[in-house]
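Encoded as structure tokens, the structure appears first; notes follow it.
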Amino acid sequence: MKNTNATLLLTLAIVARLIAQPCGVAQSLSGVQKSKINAIISPLDTALKYEDLFHIDSLSAELKSVYSTQAGRPDGVESYYSLVSTTTWLNLANAATLSRKLIANDSMVYVELWKLAKGRSHLLSYQPNSIPLRYSAEIAAGLLKIADKETDLMRKSIYQFWATRALDTLATMQLPNGAFPFPDLRAYGDPVFTPILKNFIVSCGADSVNVLKSGWIVDDKGMGEFKFDAGVIANAYYEAYNYTGKSVYKTIAVAVGNYLKPLKFNLNYNYNTFVSLGLTRAFQLTADNSFLDRAIRNLRYAVSPGQILNGRWVDGHNANSKYHSIIVQNIVSTIQLIPGSSGFKGCIDTMTSRAVKNMTDYSYTCGSATGYRWLIKAYGLSATLLPQTLKDSITDLIGQHINQSVINGKYLDVPTIGDYIELLGLLSGSNAISLPIAPALTVYPNPSNGSFAIDINRLMNIKELYITDIFGNILLHQHNVEEKINIHDLSDGVYILTIVDESNKATIIKLVSHCER
């Protein structure tokens, strides 16, 4: 009996070593492997398009066999970073302070976030058609989450203004089919997208004149290249709707869902998770089960088959920790909504738990190689899906990451700190949405020549009034609110009116003097 137990333990140790994610290695395929993989890709693509699950699974199994020991290794050696040992989470007040520092370090990006919503890169002196639109959407959603828990009313109003101005601008870019265009980055010599776009334009032939308009790719010809941006933007507008209550944001997110629903499955596993995310958000906004059903099928048909036993995805691109973590954070929302009656639930639950465990173990063994939004998202998964030991590991890793961010900002950006602050609010029970902060007030005319009138009948409990520029500088501060506001001495442009009532709730209104530049 003792010998049997010893043999079992030795076997388990060997298996664990074999499936463990290696550190500091990159995928290296032989010419024979590449040839065999290419021969599998075409029929697998066909099986995905026709949603032939039997052949999807069998071809995926064959693909994994060909990759052999190279399966699940990233396409490049990943860098590691030694995290601090402190695992205690920052409280809400300290997290808000950290967010202020983060925003102050690059304030012009947020002031002019609406330009990013037009595809104009800050890093390229706002050149047109130079940046994917999804960036502005994610940043705007992060700003709203930070604003929701911000105790400084002036900062709260400024962050909300930056965010909604960007989202309203981005809304004008939505295509009639619900998708969003992609910038023609060839003009900027983008190393990643230039060859992809060149090949795509050539493949379109004479139809390229209809595909490329005014520097934007407006039709991906069913290739699925719009999936990435569509999923991110749908998620951002879903979150923005929750924080602002603006019905137009709900309409935009649902329109994206309608665009995503009929799309064919894609060979790129992470692309399909952006589809499932967008569809899940549309389901949550409409209760239309056809969205959720399609989201679940995307995961079962076009994501799960590519996962190997240790939790990574078979190809080097999706085995990269960056894309692995993207897959995790994209699928979490869908996982929590899959009904027990679904025949795919067990398979997808197993896929999720393996993926989370892999990245958690990898972070401890090799050092952190990616950001930590995936950790924040995974934290909310149920105890039935993740064992308590794994939940504890995730908890400690979130603490280590946020404390590392305090030191040098490593892995921190506005979407991540927004998610972190939102999670703290949920855990503390203070998850009530406080935006819009107070009932809307009437200010007219707007735009005007510098003189505005306030609907004084709605201001019985007003405590004070501020007017700031879009940088947050206070230009006017009144404790005794008058019916007329004059800003004739200010330059033409956009200003923000914040009216605070006796309970310290605020109404925020954009004022336009003369014309918005």
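The values are calculated or read from the model by the stated rules, or taken from the named source; none is laboratory data. Note that the structure is a prediction, hence the values are computed from the model and not measured. All Cβ positions, even for glycine, are placed from backbone atoms using ideal geometry, and neighbour counts span all protein chains on display.
Name the residues in segment 54-77 that are loosely packed, with under 14 Cβ neighbours inside 10 Å and of a type in the set (A, V, I, L, M, F, W, C), would you?
Hits for segment 54-77 are 54, 61, 77.
Is it true that some residue in segment 297-308 is assigned by TED's automatic domain parsing to the domain that holds residue 121 and more than 18 Å from residue 45 (Cα to Cα)?
Yes, because at least one residue in segment 297-308 is assigned by TED's automatic domain parsing to the domain that holds residue 121 and more than 18 Å from residue 45 (Cα to Cα).
So for segment 335-342 (the condition being assigned by TED's automatic domain parsing to the domain that holds residue 231, crowded, with 23+ Cβ neighbours inside 10 Å and out of contact with any Asp or Glu (no Cβ under 6 Å at 6 or more places or on another chain)), does at least one residue qualify?
Among the residues of segment 335-342, at least one is assigned by TED's automatic domain parsing to the domain that holds residue 231, crowded, with 23+ Cβ neighbours inside 10 Å and out of contact with any Asp or Glu (no Cβ under 6 Å at 6 or more places or on another chain), which makes the answer yes.
How many residues does segment 205-241 contain that are crowded, with 19+ Cβ neighbours inside 10 Å, assigned to a helix (DSSP H, G or I) and of a type outside the set (A, V, I, L, M)?
Result for segment 205-241: 9.
In segment 140-177, what residues are surrounded by 23 or more Cβ atoms within 10 Å (Cβ to Cβ) and under 30 Å from residue 224 (Cβ atoms)?
140, 141, 142, 143, 144, 145, 163, 166, 167, 170
Which of the residues that make up segment 108-156 are in contact with a Leu (Cβ under 8 Å, 6 or more places away or on another chain), within 21 Å of residue 239 (Cα to Cα) and of a type in the set (Ser, Thr, Tyr)?
Result: 110, 135, 136.
Somewhere in segment 380-395, is a residue part of a helix (DSSP H, G or I) and within 19 Å of residue 275 (Cα to Cα)?
no
Would you be able to tell me the number of residues in segment 78-92 that are buried (at least 17 other Cβ atoms within 10 Å of the Cβ) and among the aromatic types (Phe, Trp, Tyr)?
Selection size over segment 78-92: 1.
Mind listing whichever residues of segment 38-58 are part of a helix (DSSP H, G or I) and touching a residue at least 60 places away in the same chain (Cβ under 8 Å)?
Of everything in segment 38-58, those that are part of a helix (DSSP H, G or I) and touching a residue at least 60 places away in the same chain (Cβ under 8 Å) turn out to be 41, 44, 45, 48, 49, 53, 56, 57.
Residue check: is residue 252 assigned to a helix (DSSP H, G or I), within 19 Å of the chain's Cα centre (by Cα) and not assigned by TED's automatic domain parsing to the domain that holds residue 55?
When the stated conditions are applied, residue 252 passes them.
Take the residues in segment 267-318 that are over 24 Å from residue 77 (Cβ atoms) and part of a loop (DSSP other than H, G, I, E, B), then tell me which one is nearest to the chain's Cα centre (by Cα).
303
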